[in-house]
Amino acid sequence: MDLDEWDRSRSRSLTRPHAANTRNHHPNSSSPITPTKQSSSQQNVPPTHPPKMSDLARTFAKTKLSSLPPEPLLTEDPEDDSSSASSMSSTGTVIPSSSLRPAAPVHWTSYFSQEFYLERESGTTPTGTFIPAAKFHVYLTPPVVGSKAPLIVLHHGAGSSALSFGLCAGEIHKLLPEAGILAIEARDHGSVVWNADGGVDANLDIDVLSQDLVDMLFLTQARMGWKALPMIVLVGHSLGGAVVTNTAKKGLLGNKLLGFGVLDVVEGSALEQLKYMETYLASRPKSFASLEAAIEWHVRSRTLRNPQSARASVPSLLLQKPDGRWGWRTELSTSEPYWENWFAGMSAKFLSAKGAKLLLLAGTDRLDKELMIGQMQGKFQMHVFPTAGHFLHEDMPEKTAEVIVEFVKRNDRSALVLPPKVSDLLAQGKKV
């Protein structure tokens, strides 16, 4: 703003009618409401005009204006949503403005370098145990060749998919480019396992899902030609958190496991929310006219609070039906017999499992008594994202990635620089 314009603006502000009169004009009215009648003394007062600035005042004002910073652009503040009381709270409907409506889907290549369908033929172990045929679906960004960086394995929640970690995986790779990232999909969520009769095996027992996770790791090793598995960090959201916890507790990865992280699920609140699950499933649409409509619903309903993540993950949740509409890939209601099996006893498993532990929550109210005691005893690392919804890795992918990478670096033993052995120093002729 130059000096003359500032002077004119000052003149207008001094001659503006009193605010009490201007408030009487309703913005939606076609004609102004008659202002309040002035007293006779007010009516006889002639209008005042601001005096012209003297040369000295203009010089002083010009000096002051030149030292001020430029006026900031006005921007609309994002909605401040601090709902974190429950994973069900993410289903309240808030219609975004047109500028927030998500665009077309985003391809998986934006976040991972490879996609595999890992096939396994049926067979029998030497002890006579039946091995079912399977086709496991995974996304991989392999670790840098020659590095000792760990492989971060990501397991989605119930009804979700590996691409729910898309944005987060991309951020992890930016922060820790030498590490590998493997996002897996459970059976009935993109992977398929067949029973001995050739039918689809929809057994979602927690022990079965844990073994599937390990099987996918070894099949990935075989596909990539790795001589051995790298060190592993497991990260799971919701149901995935229960799976990685159970895997760690059972010791299925032995000394290859560096640690595991659980995203927004604890036993107490998970079991409490199960009674509302049927109501939620009944309230959501059965199908969508297009993928864009499905993406928009997830954002409008506050199921996902990040339109970019919705574009990446929502298309993988759906399959096109013969009538052209898009329906859910996973029918969550059929998994009801396993809901309690997934979460019962999870807190005790989490605290007693070997390896470093990380817990990310969308609210401290999710902590049950057992975990509160463990947290006060320093048995695990905890972070809270109070402005995120249940899908915190989708709502806040950058922040989630930062916490995961910090957790990996803190516990990655390959990054430790140990002092030389005394015997080696003596052999080199050095004094100790």
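The values are calculated or read from the model by the stated rules, or taken from the named source; none is laboratory data. Treat the numbers as computed from the prediction; the structure is a model and nothing was measured. Reconstructed Cβ throughout: ideal geometry from the backbone, glycine too, with neighbour counts over all protein chains shown. Heavy atoms of the whole protein, side chains included, go into the accessibility calculation; ligands, DNA and RNA do not. Shrake-Rupley method; radii C 1.70, N 1.55, O 1.52, S 1.80 Å.
Checked against the criterion of being under 14 Å from GLY159 (Cβ atoms) and modelled with pLDDT of 95 or more, segment 267-285 contains one or more residues that satisfy it.
For segment 120-135, does any single residue satisfy the condition of being open to solvent by less than 20 Å² (accessible area, probe 1.4 Å) and in a loop (DSSP other than H, G, I, E, B)? No; the residues of segment 120-135 include none that is open to solvent by less than 20 Å² (accessible area, probe 1.4 Å) and in a loop (DSSP other than H, G, I, E, B). Scanning segment 184-240 for residues that are more than 26 Å from the chain's Cα centre (by Cα), polar (S, T, N, Q) and modelled with pLDDT of 95 or more yields ASN203, GLN221. Does any residue of segment 358-371 turn out to be open to solvent by 10 Å² or more (accessible area, probe 1.4 Å) and in contact with a strand residue (DSSP E or B) (Cβ under 8 Å, 6 or more places away or on another chain)? Scanning segment 358-371, I find at least one residue that is open to solvent by 10 Å² or more (accessible area, probe 1.4 Å) and in contact with a strand residue (DSSP E or B) (Cβ under 8 Å, 6 or more places away or on another chain), so the answer is yes. Within segment 363-384, take every residue that is among the basic types (Lys, Arg) and not in a loop (DSSP other than H, G, I, E, B) and give me the one that is nearest to ASN203 (Cα to Cα). Only one residue tops the list, namely ARG366.
Residues in segment 324-362 that are at negative phi and not in a helix (DSSP H, G or I): 17 in all.
Checking LEU213, LEU219 one by one, the residue that is open to solvent by less than 10 Å² (accessible area, probe 1.4 Å), in a helix (DSSP H, G or I) and touching a residue at least 60 places away in the same chain (Cβ under 8 Å) is LEU213 and no other.
Based on this model, can you work out whether ALA228 counts as outside any helix (DSSP H, G or I), open to solvent by 10 Å² or more (accessible area, probe 1.4 Å), among the aliphatic types (A, V, I, L, M) and closer than 23 Å to GLY259 by Cβ? The answer is yes for ALA228.
I'm trying to understand the selection: among the residues of segment 158-176, which are part of a helix (DSSP H, G or I) and crowded, with 24+ Cβ neighbours inside 10 Å?
ALA162, LEU163, SER164, PHE165, GLY166, LEU167, CYS168, ALA169, ILE172
When the residues of segment 270-318 are filtered to those that are closer than 22 Å to SER110 by Cα and of a type in the set (Ser, Thr, Tyr), which remaining residue is most open to solvent (accessible area, probe 1.4 Å)? Among those residues, the one meeting the criterion is SER290. Which number in (1) within 24 Å of GLY190 (Cα to Cα); (2) basic (Lys, Arg); (3) open to solvent by 60 Å² or more (accessible area, probe 1.4 Å); (4) touching an Asp or Glu at 6+ places or on another chain (Cβ under 8 Å) marks the one condition that LYS250 misses? Unmet for LYS250, out of (1) within 24 Å of GLY190 (Cα to Cα); (2) basic (Lys, Arg); (3) open to solvent by 60 Å² or more (accessible area, probe 1.4 Å); (4) touching an Asp or Glu at 6+ places or on another chain (Cβ under 8 Å): (1). Being without any contact (Cβ under 8 Å) to a residue 60 or more places away in the chain, closer than 14 Å to ILE232 by Cα and not in a loop (DSSP other than H, G, I, E, B) is a description that does not apply to VAL208. Total residues in segment 385-432 satisfying the condition of being part of a loop (DSSP other than H, G, I, E, B), in contact with a Lys or Arg (Cβ under 8 Å, 6 or more places away or on another chain) and modelled with pLDDT under 90: the figure is 0.
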